[in-house]
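To start, the structure under review is shown below, and the notes come after it.
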Amino acid sequence: MNPIDTPTAELTLDGLVSQLQECVADRGPAPMTEDIRQLCEVLYSASLLREEGRPVRARVMIAPPEAFETNLGPPGGIHALRFAVPHNLTANEIKRLSPAASFFHSVVAVWPEQGKGFRIWGLLNTGTRWLNLIAGGRKPMGTEFPHPVIHVRDPGWLLFYYGYRLMTEWRGTEFHGPRLDVFQTGLLNERFAHLRQRLVDELAPDCLPPTLDNDSYADLCHLIAIQFIKRIINLVRSSGHGGSLIFLPAGDAGTDAAARWIDCKYPAEPDAAGLRFRHLLQRILRRVGQLSPEGATLAQAWEVFKNSTDAELDNLEEAFFELARFFSDLMQVDGALVLDQRLCVIGFGGEIRVDRNLLQVGHAQDLDAKVITTWNPQADGTRHRSVYRLCSVEPRVIGFVISQDSQVRLIANVEDAVIFWTHTII
């Protein structure tokens, strides 16, 4: 069985140790079971410490020194700083090194020595492109590193990855398998499909190069928009503030829904400035079309978007993600940021005022919500419950709720039932 695909029901500390051992089995001499168990326990202990008043946060990679070349570095590779003398692996040593191995930029590298268990042999500067896969952005890392990486995320909370793929989450006394990437749900694709197609149909005759067909342009539009929303959510998560992001139907339907159910302290004027996302997206689509070869597939166009060094596309990306930062800043104000499905700002500081109690909601266990478990809304905070209620009275609403502990949920109404998905996090 692939170690990444171990069923959730089997997950225990012993199961986690077995997963990690399978990941490094082809690198001899492979770490011993007891060494891997001790590594997990040390990192869990490190997560409970504080460095100058802050919780310890670090990434730790299980990999031998010879796995890394000496002439590489970010953004396309990994820069390895090898210590002249390896250090003992202890919780306090991880705490001391964590400021030097900034969570988003570098990792602590460990590998066992004969008879000594795991030792810290150096620091690896990975750069931040690995975040683009999760947090939105272009130019992901050139090659995925084929090593286990353990994220010391918060007190009592570890995330175990193999390269970029989440294997297991250890939180408190519980172990969980990989959570869902909610951005892959068919729901998001379907709810916005008509607007994407309309945008492409409006542009195609005069503005979009014929290098892609209209369907490919519409699908590309979806992929780029998802990157934008990911960036907003990650910025809010990184702030530690939490927030709610509400999508209402476009046009008058969304404006009417906001007037009925949401009291925005700061409503936005419905002018052309509110369509900045749409205008930037149009320009990005056009430029990607110009840079793509004749008869390009969606996959080829997506590679152009991610990897092109074109100056105009770089400037558009900067403007695009600066808008995402602006939206995330609006979410720092208490209350929801309310957008329509064109990502036009309706208002922020929104107070949802739906006077309705829900006795239960559904927790989707798969992307298509075929497997749903019952969830008691009273177990959640005010942000979550208010979005549940809004979705119960406005079936076309989509909501994202980011809690202060960085948990992310997608909430929607599916066939007259309020459902939420828990999103994979880093």
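The table below lists the values:
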{"quantity": "Span-like helix ranges in the chain, DSSP H, alpha carbon extent 24 angstrom or more, Kyte mean at least 1.0", "calculated": "none"}
{"quantity": "Prolate/oblate/rounded label for the range 189-294 (Cα gyration tensor, a/c 1.5)", "calculated": "prolate"}
{"quantity": "For the chain: accessible area per residue (Å², 1.4 Å)", "calculated": "44"}
{"quantity": "Separation in nanometres of the label points that stand 7 Å from Cα toward Cβ, at residue 67 and residue 374", "calculated": "4.6"}
{"quantity": "Distance between the range 21-56 and the range 80-130 - C-alpha centres, whole angstrom", "calculated": "11"}
{"quantity": "Above-threshold pairs, the threshold being 32 Å between Cα atoms, out of 230/370; 95/265; 265/370; 95/116", "calculated": "95/265; 265/370"}
{"quantity": "Choice from 172, 15, 127 with maximal GNM fluctuation in the chain (Cα, 10 Å cutoff)", "calculated": "172"}
{"quantity": "All aspartates and glutamates inside 19 Å of residue 306 as judged from Cα atoms, apart from same-chain residues fewer than 8 positions distant", "calculated": "144, 219, 294, 314, 317, 318, 322"}
{"quantity": "Electrostatic dipole magnitude of the chain [Cβ: Lys, Arg +1; Asp, Glu -1; Cα centre; debye, to 20]", "calculated": "920"}
{"quantity": "Cut-off 15 Å between beta-carbons: net charge of the residues surrounding residue 32, Lys and Arg +1, Asp and Glu -1", "calculated": "-2"}
{"quantity": "Ratio Rg/Rh [Cα only; Rh per Kirkwood] for the range 314-390", "calculated": "1.09"}
{"quantity": "Whole-number percent relative contact order across the range 336-383, with pairs defined as alpha carbons under 8 Å at least 6 apart", "calculated": "23"}
{"quantity": "Carbon plus sulfur fraction of accessible area for the chain, probe 1.4 Å, in percent", "calculated": "49"}
{"quantity": "Label-to-label distance, nm, for residues given as residue 272 and residue 41 (7 Å Cα→Cβ offset)", "calculated": "6.7"}
{"quantity": "Dipole magnitude (debye, nearest 20) for the range 309-373, charges at Cβ of Lys, Arg, Asp, Glu", "calculated": "580"}
{"quantity": "Backbone N within the range 338-380 under 20 Å of label point (7 Å from residue 415 Cα along the Cβ vector)", "calculated": "359-376"}
{"quantity": "Spread of Cα-to-Cα distances over 20 Å intervals beginning at zero, given as percent, for the chain", "calculated": "24, 52, 23, 1"}
{"quantity": "Directionally averaged projected area (convex hull, Cα atoms, the range 355-423), nm²", "calculated": "4.3"}
{"quantity": "Simple spin-label estimate for residue 201 and residue 255 in nanometres, 7 Å along Cα-Cβ", "calculated": "2.3"}
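The values are calculated or read from the model by the stated rules, or taken from the named source; none is laboratory data. Source: prediction; values computed, not measured. Neighbour counts run over all protein chains shown; Cβ positions are idealised from the backbone, glycine included. Protein only, heavy atoms only, side chains kept; ligands, DNA and RNA dropped before computing areas. Shrake-Rupley method; radii C 1.70, N 1.55, O 1.52, S 1.80 Å.
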